[in-house]
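Each remark here refers to the structure printed beneath this line.
The values are calculated or read from the model by the stated rules, or taken from the named source; none is laboratory data. None of these values were measured; they are calculated from a predicted model. Cβ coordinates were reconstructed from backbone atoms using ideal geometry, including for glycine residues, and neighbour counts include every protein chain displayed. Protein only, heavy atoms only, side chains kept; ligands, DNA and RNA dropped before computing areas. Shrake-Rupley method; radii C 1.70, N 1.55, O 1.52, S 1.80 Å.
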Amino acid sequence: MSGVKVEQLPVPCLYLGEGPHWQEDLEALLYVDVFNKAVCRYFVNTGRHQVLHIDDGGKAKSVTLVVPVEGMKEWYVVSVGNTLCAVHWKVSDPDDHTVVPKVLQVTTDSHFNDGKCDPQGRLWAGTMGPQDEKGELLKMNVSSLYRMHSDLTLKKCVEKVSVSNGLTWSPDKKHFYYIDSEAFSVDAFAYDDLTGQIKNRRVLLDYKKSNLGDDIPDGMTCDVSGNLWVANFKGSKVICVAPETGQIIDQVNLPSKNVTSVCWGGPDYSTLYVTSGKMRLIPEEVKEIPAAGGTFAVTGLGTKGQAANAFRPDLNLFRTKVGL
Ligand code: ZN
């Protein structure tokens, strides 16, 4: 496609960038620096970059998602290892700041991975299996996708997951799209916005039957037409998939190998923000791919997205839980 521009953002090169979320009121890109156990906030208009380190006493190894809390200014939900936590992060905090998180929910799973809120403000967050120290030897089919409701209860929605990723909803709120990276597919469910129930899982795009080589599906988002934009770990690209046919209808190449996730942002939601990671690259590749681990802004795609949903809790419950 002509007119597409890929720009690397001047933010620190991370080991593993993930979970991008455009925070409209601040005109800022939120994302996580997974193994640095930090949340980042990049104000695109001023270039200011804030890093919030999560201090859980060294228990967890990763921070994998961040979403703002609706009605609670400067509060966020973050995942810390196998817990979902709340943190208070002020714009007036120093650019390098550390906070002790308040635990909202704990699972018995290994640790959380990607998560997002549905149109009703429920937080859907999935887990992934334990790995060895090298990040290999993943334990398969022992993780789940959970949904945290406004009353802060956690409900299991999908079982037997290996690496929970993806997740987005169609603009008409009738479909939920999901990725278990180890299943190498983009899946669709029928979604009931009123109750949050999902059913009728089906494979929309099977990576192993689609000429995608060693690409691994990771994070994804939806545009206003309902098309899916999927980050391809190992694949140096984001692909666009038509949900009606499962066909790949567009592709954006990135100067980074392990592309991890995507979100729409910018004043009119026409910029696709893309995170990536340096993990699992051999030293030669790190030399050859200077933009590895970079965060990118892609413009000129000829489409746009919608505002991402924040977590919408019962505010009295939330305040009590975090000790306010
Ligand atoms: Zn991911």
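One residue stands out in region 250-274 among those that are of a type in the set (S, T, N, Q) and in contact with a Leu (Cβ under 8 Å, 6 or more places away or on another chain): the one that is farthest from GLY17 (Cα to Cα), namely SER270. Among the candidates TRP89, TRP22, the residue that is open to solvent by less than 20 Å² (accessible area, probe 1.4 Å) and in contact (Cβ under 8 Å) with a residue 60 or more places away in the chain is uniquely TRP22.
Within region 202-232, the set of residues being over 17 Å from the mean Cα position of the chain (by Cα) and either buried (at least 24 other Cβ atoms within 10 Å of the Cβ) or not in a loop (DSSP other than H, G, I, E, B) (or both) comprises ARG202, VAL203, LEU204, LEU205, ASP206, TYR207, LYS208, LYS209.
So which of VAL241, VAL230, VAL286 ends up being more than 14 Å from the ligand (Cβ to nearest atom), under 24 Å from GLY115 (Cβ atoms) and not polar (S, T, N, Q)?
VAL241
A single entry from LYS160, LYS139 fulfils the requirement of being open to solvent by 10 Å² or more (accessible area, probe 1.4 Å) and modelled with pLDDT under 95: LYS139.
Restricting the first member to region 45-70 and to residues that are free of Cβ contacts under 8 Å to residues at least 40 places away in the same chain and among the aliphatic types (A, V, I, L, M), and the second to residues that are in a loop (DSSP other than H, G, I, E, B) and open to solvent by 10 Å² or more (accessible area, probe 1.4 Å), the beta-carbon pairs closer than 8 Å and six or more apart or on different chains are VAL63/LYS37.
The single residue among ILE216, ILE198 that is within 16 Å of the ligand (Cβ to nearest atom) and not small (Gly, Ala, Ser) turns out to be ILE216.
Of ASP114, ASP118, ASP96, all but one fail to be farther than 22 Å from GLY294 by Cβ and out of contact with any helix residue (DSSP H, G or I) (no Cβ under 8 Å at 6 or more places or on another chain); the exception is ASP118. Filtering region 45-92 to residues that are out of contact with any strand residue (DSSP E or B) (no Cβ under 9 Å at 6 or more places or on another chain) and under 13 Å from ALA310 (Cα atoms) leaves GLY71, LYS73.
Of all residues in region 106-120, which are of a type in the set (Val, Ile, Thr) and open to solvent by 50 Å² or more (accessible area, probe 1.4 Å)? If the condition is that a residue be of a type in the set (Val, Ile, Thr) and open to solvent by 50 Å² or more (accessible area, probe 1.4 Å), then VAL106, THR108 are the ones that fit.
Being closer than 30 Å to ALA86 by Cα, under 18 Å from the mean Cα position of the chain (by Cα) and among the aliphatic types (A, V, I, L, M) holds for only one residue in VAL163, VAL142, and it is VAL163. If I filter region 165-180 for residues that are open to solvent by 80 Å² or more (accessible area, probe 1.4 Å) and of a type in the set (S, T, N, Q), do I get at least one hit? No, region 165-180 has no match at all.
One residue is enough: does region 292-306 have a residue meeting the conditions modelled with pLDDT under 95, among the aliphatic types (A, V, I, L, M) and not in a strand (DSSP E or B)? Scanning region 292-306, I find at least one residue that is modelled with pLDDT under 95, among the aliphatic types (A, V, I, L, M) and not in a strand (DSSP E or B), so the answer is yes. For VAL103, the conditions (1) surrounded by fewer than 19 Cβ atoms within 10 Å (Cβ to Cβ); (2) within 16 Å of the ligand (Cβ to nearest atom); (3) assigned to a strand (DSSP E or B) are fulfilled apart from (2). Pairs are defined by a Cβ separation below 8 Å, a sequence spacing of at least 6 or placement on different chains, a first member in region 98-118 that is without any contact (Cβ under 8 Å) to a residue 40 or more places away in the chain, and a second member that is of a type in the set (Ser, Thr, Tyr); the pairs so defined are VAL103/THR83; VAL106/THR83; ASP109/THR127; ASP109/SER143; ASP109/SER144; SER110/THR127; SER110/SER143.
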